[in-house]
Amino acid sequence: MIVTREEIKSRLQARGGEQQELFSHARQARDKAQGNRLNIRGVIELSNSCVENCQYCAMRRDNHALNRYILDEATVLSVAGDIINAGIPTVFLQSGESPKCGQLLERIIPEIYTRYHCSIILCAGKRDAETYARYKDAGAEGYILKFETANPALYEDATGASHQERLSCIRGIRAAGMKLGTGSIVGLPNQTLEDIVDDILLAAHFAPDFVSVAPFIPNSGTPYETVPKGDIDLTLNTMAIWRILFPAALIPTVSALEYIHPDGQAAGLSAGANVITINFTPKQSRDKYAIYAKDRFVVSLEHAHKTAEKAGMPLHVV
Ligand code: SAM
């Protein structure tokens, strides 16, 4: 068991044989609790408009060079149909944070749910608890809101927003009775190993249903464009420790891992992850959804099959 800060800190620094041992424990915990199947989500990126101004994200409100878009209802419904027809049981709606997108979600969730009776997961920023409750009543099962970092000063430097408010929104998701997803970024400027230990412990405090960590990716056109990318080993070790702490959680192997390292997503699975997300955003909008980097890695169904095969995990298509 990994219980103390010192144990977490030591596992974070594991490399070579010790790291392989950590990953092996993580896979055992996953397989014992859930089997080794690889779950799939299909993501639709609804809009790149955002009222927030995060230093790492090119969708930040001060990026006037970015052409903003919001998908219309008919497109979202049709793409959700493509996800279901591909045998993918979960429609994941992700978006920049904006009032218009909030309204779109209220209209589109019941339509998707009534038509497909599928699992619907959302990641669209901070809302009040009443709004999360309306999303739940409309048919959404879960909501992902990463705390990004447990360190309030780092969070406030990186986003210009209040850490307390972010945490209170995360609590609002739970209060609304939704499944909760949260997590962090590895590699924010001035982040220490102790901060990453705190990230691991903060997630444990929330006992999330889904938990994810991504390496920081320097994104052009943002104030953090010259900051070095996050460390893959620290990212994978965080995933493995979370897996050991939360055997029953869904842990995605994020596309940012593949962006910083060939076979990075297969490495995520070997560290205990069990979700891969396929991108279904229509091409012309996908290019404007400026998450991670202009040349971000876009996950296709074919890539998911190959990654599942490399990891020896059967892909869960229904
Ligand atoms: N705006 C919403 C929010 O903040 O939750 C949802 C969309 S936002 C694009 C989704 C996630 O992308 C954020 O939680 C953040 O962790 C991640 N992200 C954005 N830019 C990133 C970067 N350059 N490197 C790593 N993660 C990034």
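Got a sec? Which of PRO208, PRO228 is at pLDDT 95 or above and surrounded by fewer than 20 Cβ atoms within 10 Å (Cβ to Cβ)?
From the options PRO208, PRO228, the qualifying one is PRO228.
Residue by residue through the stretch 33-83, note down the ones that are more than 16 Å from the ligand (Cβ to nearest atom), in contact (Cβ under 8 Å) with a residue 40 or more places away in the chain and under 24 Å from PRO252 (Cβ atoms).
Selection gives ALA33, GLN34, ASN36, ARG37, LEU38, ASN39, ILE40, GLY42, VAL79, ASP82, ILE83.
Only residues that are within 23 Å of GLY160 (Cβ to Cβ) and open to solvent by less than 20 Å² (accessible area, probe 1.4 Å): list them for the stretch 193-202, please. Reasoning before the result, please.
Step one: filter the stretch 193-202 for residues within 23 Å of GLY160 (Cβ to Cβ), giving 195-196, 198-199, 202.
Correct list: ASP195, ILE196, ASP199.
Report yes if some residue within the stretch 96-109 is open to solvent by less than 30 Å² (accessible area, probe 1.4 Å), under 30 Å from THR238 (Cα atoms), out of contact with any His (no Cβ under 6 Å at 6 or more places or on another chain) and among the polar types (S, T, N, Q); otherwise report no. Before the answer, list the steps.
First, pick out the residues of the stretch 96-109 that are open to solvent by less than 30 Å² (accessible area, probe 1.4 Å): 96-98, 101-102, 104-105, 108-109.
Narrowing the set further to residues that are under 30 Å from THR238 (Cα atoms) leaves 96-97.
In the following step, the residues that additionally are out of contact with any His (no Cβ under 6 Å at 6 or more places or on another chain) were identified as 96-97.
So of that shortlist, the ones also among the polar types (S, T, N, Q) come out as none.
Taking every residue of the stretch 96-109 in turn, none turns out to be open to solvent by less than 30 Å² (accessible area, probe 1.4 Å), under 30 Å from THR238 (Cα atoms), out of contact with any His (no Cβ under 6 Å at 6 or more places or on another chain) and among the polar types (S, T, N, Q).
Can you tell me how many residues within the stretch 281-318 are in a helix (DSSP H, G or I) and small (Gly, Ala, Ser)?
4
List, please: which pairs have Cβ atoms under 7 Å, are six or more places apart or on different chains, and start with a residue in the stretch 214-225 that is farther than 10 Å from PRO189 by Cβ and end with one that is near the ligand (Cβ under 7 Å from one of its atoms) and open to solvent by 50 Å² or more (accessible area, probe 1.4 Å)?
Pairs found: ILE217/TYR292; ASN219/TYR292.
Kindly indicate whether any position in the stretch 171-192 is surrounded by 20 or more Cβ atoms within 10 Å (Cβ to Cβ) and assigned to a helix (DSSP H, G or I).
Checked the stretch 171-192: at least one residue is surrounded by 20 or more Cβ atoms within 10 Å (Cβ to Cβ) and assigned to a helix (DSSP H, G or I).
Of these, PRO215, PRO223, which one is at pLDDT 95 or above, open to solvent by 10 Å² or more (accessible area, probe 1.4 Å) and within 12 Å of the ligand (Cβ to nearest atom)? Outline the logic, then answer.
On the way: PRO215 fails: open to solvent by 10 Å² or more (accessible area, probe 1.4 Å).
PRO223 is the lone residue from the list that is at pLDDT 95 or above, open to solvent by 10 Å² or more (accessible area, probe 1.4 Å) and within 12 Å of the ligand (Cβ to nearest atom).
Can you tell me which residue in the stretch 131-148 is surrounded by the fewest Cβ atoms within 10 Å (Cβ to Cβ), limited to those that are more than 16 Å from the ligand (Cβ to nearest atom) and of a type in the set (Asp, Glu)?
Only one residue tops the list, namely ASP137.
Here is a yes/no grid of residues against (1) within 12 Å of the ligand (Cβ to nearest atom); (2) under 27 Å from GLU141 (Cβ atoms); (3) at pLDDT 95 or above:
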{"residue": "LEU188", "(1), (2), (3)": "yes, no, yes"}
{"residue": "GLU194", "(1), (2), (3)": "no, no, yes"}
{"residue": "VAL197", "(1), (2), (3)": "no, no, yes"}
{"residue": "LEU202", "(1), (2), (3)": "no, yes, yes"}
{"residue": "ASN219", "(1), (2), (3)": "yes, no, yes"}
{"residue": "LEU234", "(1), (2), (3)": "no, no, yes"}
{"residue": "TRP242", "(1), (2), (3)": "no, yes, yes"}
{"residue": "LEU250", "(1), (2), (3)": "no, yes, yes"}
{"residue": "ASP263", "(1), (2), (3)": "no, no, yes"}
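The values are calculated or read from the model by the stated rules, or taken from the named source; none is laboratory data. Everything numeric in this text was worked out from a predicted model, so none of it was measured. Here the Cβ is made from the backbone with ideal geometry for all residues, glycine too, and neighbour counts use every protein chain on show. The accessibility values were calculated without ligands, DNA or RNA, using every heavy atom of the protein model including side chains. Shrake-Rupley method; radii C 1.70, N 1.55, O 1.52, S 1.80 Å.
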